[in-house]
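Structure record follows, encoded as structure tokens.
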Amino acid sequence: MWNLGYNRSLEMDERDPLASAASDAGDPVVRSVGELPDARSAWRFYWLSVATFGFYLLAWIHHVARRAWPARRYSLGPIPLTLGCLCIPVCAGFLYDCEVQIRGVAQRGIGRPGRIGGVVLLYLMIVVAFGLTPLRLFWIVPLLLLPVPFVLIQRRINALHNIGAADPHTRISYRPVQRVIVGIGTPLLAAGLWFIDVPRYQQSFSPSLAAGAAIPEKDAVYTLTMPNASWRHVRQGSLGEGSDLELSGPGEETWLVTYTRQADEEALEASVAQRRAMIFGSGNVTAYEEVRLYLDAAEHHPISIADYYLENGIAGHEAYVVATALLEDRVVEVIGYTAEPRVHLSEVKQLVKSLAMRREEP
Amino acid sequence: MIGALPLVIILSAGGFTRVPSHPWLYMSASRPATPLPDSELRPNSDRLEALVAEGHPYVDLFSRIDLEINSDGTVSERKLIGRHFLTTEGIQEAGTTTFSARSEVEKLFIEEAYIRLPDGSIRHLDLANIQVSTTTTPNVFSDVHHVALPFEGLVPGSTTVIRSTRVQRTTEWPLPWSEVYPTRGFAPILDFELNIAWDADVPTPSWVSDAADLTCREAGHRRLRCTARDVPPLDLEPGMASWIEAVPHLVVSRPQSWGDIARTELQLIQESLSMGPVVAGVGKLLDGATDQMEKLRRIHRFVADDVRYVALLHGKSAIAPAPPARTLERLYGDCKGKVALFLALARQAGLEAYPVLVATDRITPSKLQAPSWKYFDHMIGCADLREPSRTICMDFTSPYTQTGDLPAALYGAVSYVLRDMNDIPHAIDRPQFVWDIDLESENEIRCNGTIVERLTRRFTGPSAAEMRSGLRGRSKDERQKWALESYRSVIGSRYEPTFELRGIDDVQEPIAIASTTEFEGEALVDMDEYLEPDAWLNHYAGWFETSNQTHPFVLQGVRIRSKSSYAICEDRTMRFVGARLDLYGAFGKLTRSYRRGAHDVTVETLLELPSREIQSQDLDRYRRFLSTSLAQTNIWFRTRKDGKPLP
């Protein structure tokens, strides 16, 4: 049990906090095992967590753990416990312990401590929502949500601090170093939001292309035909530098990017060799096949279609399908990629192989 | 046979003197009193400016021909040519004017030849400088003489004027008379005119032209006048299959049919065959030969190999073959003499054989506008075999081709079979692949990075004949030297291959050029990948490129098979191989497959370009197909040191 301050130690209870939590319905008997963590403004705490990209939470956990030490629930010191909180179950347990201890103190001082498990439940909901939904694509979402359970704990700690205090509000401003951190972190946060999450938002929530649709719609020497409706445009530059078309496909890591360059007759061979060297250098290629044919027998526009399969140990399997075509004086390179080849390789192939030369409409 | 005329003029008739060393050649005894008006001897200033701007080195101001068909059997062709020189290049190119005449049946009269210099003065040609020559082609002798007029003192702005008359005695020529006049030249012709007149008891000549800018109309009783103005020069390209077909022509002839020509030529051949039997000793030639193909092969080899080519084309001999017995006795003959010998031997052997006229510089039968013997310059022999039923044609002037093949240049040429009087000329069928080339290389890549290449280049069919014709006359050392030079021109001058050449002296065998080369290097020592161009495939395919822009290109079909195998060091395993090629296009195909082993790989490539005539509008597409296909032929594979082979 936390000590409510240097001058406000409560009586100790030798019961295990876990057992205390388990007998929550009964009259809990708690023990004082340390000092009450510092009070701090909930909102400032929240923003400090966000502005430090969550790292401040680790400092906070360490602070709370150090104050509460020795808690029986874990045979971990403050630092191992802090690092352990990077693991979801450990963190959930830590929050639960916080709730239990706050309740123990609160029953004596606050009177309305709330139900134990609410914060943990919120934490788990955030984690689960982040893991199972497309929200995981946006790093700002967990950054904004994850501090909330910890802020709730802090609010209760603040409440414990305020027991009997004349001014119930806790107004603890940032320390100078924290101001500097917030001052640097906030613009970085905004930049990250703009450069990473906004494109991802556009990627994830832009309208998907209809099955059978031919793209690009104009100003290109080639077309691709959508195999199904699970592909959507991505802002240029999201997947590759200097590309002229970028698409995201089904699943998390399935995409397609195209490049168009001025070229001569030798450029196809050079382009294929360059891409081959790049992919061979990127991982453990376990299968490679290439075929070259003419896109059309009349005009003799050659195309190379190369399939690469990579097995990268625990990182899993990857596959590239690269079509490189020489269309008049330009080389068009279409690179399809999937990190889930067992699921999406066939449609990636279908899309890449749909590369055709654009015909002028009569 | 070239020589300056020792112009000791001893005979004189009708104002002309006869050159004693060339009794068919006459020259005007006196200079013309009045040259042509000055206005005719230079283009007007506007036209001159335009011609200079167009970059022409010279221009024919006028080209006038007066043709008279006389009742006495002579045909007189009077020419008046005025040529204006715009640049020194034009003078270099055309400052010497040349006429041709068949001395045994024609007479040539040089009536006047002079220069109008830029200052307006007239300078007459010194007749002592006139040169006469005959053909310089080895083993070809004829009565065709070339009379050259080397004008002196030519400078840009000069105009040469030549008036000449050629008189033919058509009664001394077995084939019906005809003339084929080109209506365009190598320079612009500002004024072209052809006047035809014929006597009352002469059949009205037939005439036909494919020159769009030529206008012909009757110009009085028994007179025809054809004119053209501002005729552009010929648009020629080096890769033209038949440049002569690009020249519009006017054909004037005594009325005749193809059957008339066939009948007359066959009669000449029959007369030749009837002049004494072929000696009996030749009978041994066919001893032991039972089937028709073997008999034909032996006769072909005898006539092509043992009877050398010597052409005596004087007078009527230009079209009438020598009797086979004489050819046999001399052991030489020209194309038709050899054909006559072949026909005699074939008939003795019971083979059904016949002669075929060939126009070697023509490929389009429809461009033979009217029946005329003048299109044809060659004769070959053919035989129809019964079992299996097939026709085999042979060019007996080529000792390099195997029986069943013709020299590559004859495929597609216009021919006229002298058998059916109702037949018409047609093109000799081109095989789908005239050129058949096999490339086989075995490469051993040693652990120290050295590559030992054993390469065999094999030529079959007409392509072997082409190679053989260039190699047979060389000594062993010269052949080795040629092989080394050709190898180095493709692979590089640093290497010292050893060569073995096979099949040069036996026409039934393909030509094989085998070489072994050691390339010092570091292949697959520190690098996992191997990459090299398919150099020989590219080299031989390059023979079939064309730079034509405006004229059709005749693609003589080619098939190149390239098989390259690579054995790598045992401490490496083969992992991945390069691209399979399935390049099927409008002009052929290029395919490739790799066969991978644990420590070796074999790459098989096939390029097929079937025979065809590619029209000018398709030339860019053809070039693109060939260059784009060949650009995909790099051989690539990837290995791994101490790695396990992939399944």
Might you check whether a residue that is free of Cβ contacts under 8 Å to residues at least 60 places away in the same chain, within 14 Å of another protein chain (Cβ to nearest Cβ) and hydrophobic (A, V, I, L, M, F, W, C) occurs anywhere in the stretch A:314-331?
yes
Hey, can you tell me all the residues within the stretch B:400-447 that are over 17 Å from the mean Cα position of the chain (by Cα), aliphatic (A, V, I, L, M) and more than 30 Å from B:PRO533 (Cα to Cα)?
B:VAL417, B:LEU418, B:MET421, B:ILE424
Could you identify the single residue in B:THR327, B:THR360, B:THR403 that is polar (S, T, N, Q) and within 28 Å of B:MET240 (Cα to Cα)?
B:THR360
What pairs can you find where one residue is in the stretch A:256-277 and within 28 Å of A:ARG232 (Cα to Cα), the other is in a loop (DSSP other than H, G, I, E, B), and their Cβ atoms are less than 6 Å apart, with a gap of 6+ or different chains?
A:VAL257/A:LEU239; A:VAL257/A:GLY240; A:VAL257/A:SER243; A:THR258/A:ASP244; A:TYR259/A:SER243; A:THR260/A:ASP244
Of the numbered conditions (1) surrounded by fewer than 19 Cβ atoms within 10 Å (Cβ to Cβ); (2) over 30 Å from B:MET467 (Cα atoms); (3) away from chain A (no Cβ under 12 Å), B:ASP582 fails exactly one; give the number of that condition.
(3)
Taking B:LYS284 and the conditions (1) of a type in the set (D, E, K, R); (2) modelled with pLDDT of 90 or more; (3) surrounded by fewer than 19 Cβ atoms within 10 Å (Cβ to Cβ), which numbered condition does it fall short on, given that it satisfies the others?
(2)
When you scan the stretch A:264-306, how many residues do you find that are crowded, with 21+ Cβ neighbours inside 10 Å, more than 9 Å from chain B (Cβ to nearest Cβ) and among the hydroxyl-bearing types (Ser, Thr, Tyr)?
1
B:THR628 - would you say it is buried (at least 19 other Cβ atoms within 10 Å of the Cβ), within 12 Å of another protein chain (Cβ to nearest Cβ) and either in contact with an Asp or Glu (Cβ under 9 Å, 6 or more places away or on another chain) or within 21 Å of A:GLU290 (Cα to Cα) (or both)?
yes
Those residues of the stretch B:319-344 that are within 25 Å of B:THR171 (Cβ to Cβ), of a type in the set (A, V, I, L, M) and either surrounded by 21 or more Cβ atoms within 10 Å (Cβ to Cβ) or without any contact (Cβ under 8 Å) to a residue 12 or more places away in the chain (or both) come to a total of 2
Does the stretch A:88-99 include one or more residues that are at pLDDT 80 or above, within 21 Å of the chain's Cα centre (by Cα) and exposed (fewer than 13 other Cβ atoms within 10 Å of the Cβ)?
yes
Filtering the stretch B:110-151 for residues that are among the aliphatic types (A, V, I, L, M), over 35 Å from the mean Cα position of the chain (by Cα) and part of a strand (DSSP E or B) leaves a count of 2
For residues in the stretch A:244-263 being among the polar types (S, T, N, Q) and closer than 17 Å to A:VAL322 by Cβ, which is nearest to the other protein chains (Cβ to nearest Cβ)?
A:THR260
Quick check on A:LEU351: is it in contact (Cβ under 8 Å) with a residue 12 or more places away in the chain, within 21 Å of A:ALA220 (Cα to Cα) and either away from chain B (no Cβ under 11 Å) or among the basic types (Lys, Arg) (or both)?
yes
Members of the stretch B:43-74 found to be of a type in the set (Gly, Ala, Ser) and without any contact (Cβ under 8 Å) to a residue 60 or more places away in the chain, listed by number
B:SER45, B:ALA50, B:ALA53, B:GLY55
When you scan the stretch B:607-622, do you find a residue that is farther than 25 Å from A:LEU295 by Cα, of a type outside the set (A, V, I, L, M), within 14 Å of chain A (Cβ to nearest Cβ) and in contact with a strand residue (DSSP E or B) (Cβ under 6 Å, 6 or more places away or on another chain), even just one?
no
Looking only at the stretch A:225-237, decide whether some residue is touching a residue at least 12 places away in the same chain (Cβ under 8 Å), touching a His at 6+ places or on another chain (Cβ under 6 Å), buried (at least 19 other Cβ atoms within 10 Å of the Cβ) and more than 14 Å from every other protein chain (Cβ to nearest Cβ).
no
Could you grab me the full set of residues in the stretch B:281-318 that are touching a residue at least 60 places away in the same chain (Cβ under 8 Å) and of a type in the set (Phe, Trp, Tyr)?
B:TYR309
State whether one or more residues within the stretch B:204-219 are in a strand (DSSP E or B) and charged (D, E, K, R).
yes
Which ones in the stretch B:124-177 are touching a Gly at 6+ places or on another chain (Cβ under 7 Å) and closer than 22 Å to B:GLY73 by Cβ?
B:ASP143, B:ARG169, B:THR170, B:THR171
Would you confirm whether any residue within the stretch B:63-84 is within 26 Å of B:ASN44 (Cβ to Cβ), in contact with a Gly (Cβ under 9 Å, 6 or more places away or on another chain) and among the aliphatic types (A, V, I, L, M)?
no
Could you tell me which numbered condition B:LEU154 fails, if it satisfies all but one of (1) closer than 19 Å to B:PHE62 by Cα; (2) part of a strand (DSSP E or B)?
(2)
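The values are calculated or read from the model by the stated rules, or taken from the named source; none is laboratory data. Since this is a predicted model, take the numbers as computed values, not measurements. Heads up, the Cβs are rebuilt from the backbone with ideal geometry, glycines too, and the neighbour counts pull from every protein chain shown.
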